[in-house]
Amino acid sequence: MNRKCAACDRNLPSSSYTTNQYSKGAGVSRCTSCVHGHHSDAPSSWRSDGGRFNNSNTGSISNEALERPFAQGAFRWVAKGVYTSGPRRGQACVVKWFKSGAVFSEDYFKFDIKAVDKALEIVNAFNQLGVINKVVKINVPEVWCFEEECPGEWAGQMHLCEPFIQHYQKFNSNTGWNDESKTWGEVMQALSHFSYHLSGGNFVLCDLQGGIYQHEIVLSDPVILSRTRQYGVTDLGAEGISSFFARHDCNSFCRPHWTRPVNPMQHFRPVQGTTMILRSVPTHHSRPNRTSFFDFEEYL
């Protein structure tokens, strides 16, 4: 939902405001650029929203693609489909759904969308700052459902859908690993550093991965590290933030005045993949009194 900035009078999406500023209401909220005085840095401060959206309501995917996904993580499958409506009709999309037994899938959808919203807020501010002469964009997924007519286990199942990214590569992870062998790797490290500075040390945008295009880079599946671990199983908290800075050396894209923590330490083994930490919860005995065992193999 768009809102006019009380300072510059531009009609901007909610992602162009910090959570605090947006909560102040219409006529009072100031966009990130005005709050941080970035308008004078470069003409790029007038760029549009950094989101790359579905712009469609329907899509299709072959049974073969469902049965043989082209990629997978520890808990998710990734397959390629095509949009069948809207401005993106005929263009490729990506469908992501959970493997059987991923019991936290519904929460993960919620945290995934929440992380993307925060990432979009950060990316918009980074674009407006004019650090580079290209645009950083974020794929914004939507939670869709397979139609009931779909075969077998997929019928009615929720999944994430977003535009397909070409030339996919990874630049950093949520444990401090990074690849600065090329310029874009340095830019992504600077973006992560900037997110810490922008948020007053409360967040780090990381696990940056995506594709490089002629005029932009498009990112997908970002992770937000927060001091209060409010962004789900990939949010490694304050220790994750410390681990990022333990391995981060400022480069030419970082600004000298950007803040960073004092004496950061490496708490996680830096790996390229995305690390997840499940929160522990209290449980009861696995076999309550007056119950019987049963063979559960047929349900797996």
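A few remarks follow.
- A Förster radius of 45 Å combined with the Cβ-Cβ distance from E148 to V271 puts the calculated FRET efficiency at roughly 0.70.
- Integer Hz, Karplus 6.51/-1.76/1.60 couplings in order for segment 204-214, x for Gly and Pro: 9, 7, 8, 6, 7, 8, x, x, 9, 10, 4
- Ranked by how many other beta carbons lie within 10 Å on average, peptides 81-93, 131-143, 200-212 from highest: 200-212, 131-143, 81-93
- By the rule of a C-alpha distance below 30 Å, with chain neighbours fewer than 8 residues away ignored, the lysines paired with K4 are K24, K110, K114, K118, K134, K137.
- Shape call, segment 196-268: gyration tensor on alpha carbons, a/c limit 1.5: oblate
All of the numbers you see were taken from the coordinates with simple rules; none came from a lab. Quick caveat: nothing in here was measured; it's all calculated off a predicted structure. Neighbour counts are summed over all protein chains in view; Cβ atoms, including those assigned to glycine, are modelled from backbone coordinates with ideal geometry.
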